[in-house]
1. Could you give every pair whose Cβ atoms fall below 6 Å, whose first residue belongs to region 40-63 and is closer than 15 Å to VAL9 by Cα, and whose second residue is open to solvent by less than 80 Å² (accessible area, probe 1.4 Å) and assigned to a loop (DSSP other than H, G, I, E, B), counting only separations of at least 6 or pairs across chains?
2. In this structure, does ASP49 turn out to be touching a Phe, Trp or Tyr at 6+ places or on another chain (Cβ under 8 Å), of a type in the set (Asp, Glu) and either surrounded by 15 or more Cβ atoms within 10 Å (Cβ to Cβ) or outside any helix (DSSP H, G or I) (or both)?
3. Quick one: is ILE66 outside any loop (DSSP other than H, G, I, E, B) and touching a strand residue (DSSP E or B) at 6+ places or on another chain (Cβ under 7 Å)?
4. If only one of LYS7, LYS16 is loosely packed, with under 11 Cβ neighbours inside 10 Å and at pLDDT 95 or above, which one is it?
5. Can you run down the residue pairs with Cβ atoms below 7 Å, 6 or more apart or on separate chains, where the first is in region 1-29 and farther than 14 Å from GLY44 by Cα and the partner is in a helix (DSSP H, G or I) and open to solvent by 30 Å² or more (accessible area, probe 1.4 Å)?
6. Name the residues in region 24-41 that are at pLDDT 95 or above and basic (Lys, Arg), would you?
Amino acid sequence: MDKTEIKRVESYLRQKFQLPSIIVRQRPQKDDSAEVHIGEEFIGVLFKDTDEGETSYAFNMAILDIDLPE
(Lines give C-alpha, C1' and ligand atoms only; values in the text may rest on other atoms or scores of the structure.)
Protein backbone atom coordinates (compact mmCIF):
# COMPACT_ATOMS: atom_id res chain seq x y z
CA MET A 1 0.00 0.00 0.00
CA ASP A 2 1.37 3.40 -0.88
CA LYS A 3 1.23 6.49 1.32
CA THR A 4 -1.79 7.93 -0.49
CA GLU A 5 -3.82 4.75 0.07
CA ILE A 6 -2.76 4.59 3.70
CA LYS A 7 -3.88 8.19 4.33
CA ARG A 8 -7.23 7.58 2.60
CA VAL A 9 -7.96 4.43 4.61
CA GLU A 10 -6.73 6.06 7.83
CA SER A 11 -9.11 8.99 7.26
CA TYR A 12 -11.97 6.58 6.62
CA LEU A 13 -11.29 4.58 9.80
CA ARG A 14 -10.97 7.73 11.92
CA GLN A 15 -14.32 8.98 10.63
CA LYS A 16 -16.11 5.62 10.78
CA PHE A 17 -15.01 4.85 14.36
CA GLN A 18 -15.05 8.52 15.44
CA LEU A 19 -11.53 8.03 16.76
CA PRO A 20 -8.87 10.51 15.59
CA SER A 21 -6.07 8.57 17.33
CA ILE A 22 -6.21 5.73 14.75
CA ILE A 23 -2.94 5.50 12.84
CA VAL A 24 -2.29 3.32 9.79
CA ARG A 25 1.39 2.54 9.14
CA GLN A 26 3.23 0.78 6.34
CA ARG A 27 4.53 -2.67 7.20
CA PRO A 28 8.22 -3.37 6.64
CA GLN A 29 8.80 -5.45 3.50
CA LYS A 30 5.05 -5.84 2.80
CA ASP A 31 3.21 -3.93 0.12
CA ASP A 32 -0.20 -5.60 0.36
CA SER A 33 -0.99 -4.67 3.96
CA ALA A 34 -0.54 -2.07 6.71
CA GLU A 35 -0.62 -1.99 10.52
CA VAL A 36 -3.43 -0.27 12.41
CA HIS A 37 -2.71 1.38 15.75
CA ILE A 38 -4.66 3.38 18.31
CA GLY A 39 -2.02 5.77 19.52
CA GLU A 40 1.03 3.54 19.94
CA GLU A 41 -0.95 0.32 20.60
CA PHE A 42 -1.05 -2.15 17.70
CA ILE A 43 -4.62 -3.36 17.17
CA GLY A 44 -4.65 -5.13 13.81
CA VAL A 45 -3.68 -5.49 10.17
CA LEU A 46 -5.30 -3.97 7.12
CA PHE A 47 -5.04 -6.10 3.96
CA LYS A 48 -5.42 -4.81 0.41
CA ASP A 49 -7.03 -7.02 -2.22
CA THR A 50 -7.31 -6.20 -5.91
CA ASP A 51 -9.46 -8.52 -8.01
CA GLU A 52 -10.75 -7.90 -11.53
CA GLY A 53 -9.84 -4.21 -11.30
CA GLU A 54 -11.70 -3.68 -8.00
CA THR A 55 -9.78 -2.86 -4.82
CA SER A 56 -11.00 -3.63 -1.31
CA TYR A 57 -9.46 -3.45 2.15
CA ALA A 58 -10.04 -5.92 4.98
CA PHE A 59 -9.32 -5.02 8.59
CA ASN A 60 -8.32 -7.97 10.80
CA MET A 61 -8.27 -7.47 14.57
CA ALA A 62 -7.64 -10.29 17.03
CA ILE A 63 -9.20 -9.96 20.50
CA LEU A 64 -7.57 -12.02 23.21
CA ASP A 65 -9.80 -13.68 25.79
CA ILE A 66 -7.62 -12.29 28.61
CA ASP A 67 -8.34 -8.72 27.40
CA LEU A 68 -12.12 -9.11 27.76
CA PRO A 69 -13.93 -7.92 30.87
CA GLU A 70 -15.31 -10.60 33.19
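1. Pairs found: LYS48/MET1; LYS48/ASP32.
2. Details: touching a Phe, Trp or Tyr at 6+ places or on another chain (Cβ under 8 Å): yes; of a type in the set (Asp, Glu): yes; either surrounded by 15 or more Cβ atoms within 10 Å (Cβ to Cβ) or outside any helix (DSSP H, G or I) (or both): yes.
The answer is yes for ASP49.
3. Numbers: outside any loop (DSSP other than H, G, I, E, B): yes; touching a strand residue (DSSP E or B) at 6+ places or on another chain (Cβ under 7 Å): no.
Criteria not met by ILE66.
4. Working: LYS7 fails: loosely packed, with under 11 Cβ neighbours inside 10 Å.
Just one listed residue meets the conditions, LYS16.
5. That search, which allows pairs on different chains as well, returns PRO20/ARG14.
6. Selection gives ARG25 alone.
The values are calculated or read from the model by the stated rules, or taken from the named source; none is laboratory data. Not measured: the values here are computed from a predicted model. Virtual Cβ from ideal backbone geometry, glycine too; neighbours counted across all protein chains shown. Note: areas computed on protein heavy atoms with side chains; ligands, DNA, RNA excluded. Shrake-Rupley method; radii C 1.70, N 1.55, O 1.52, S 1.80 Å.
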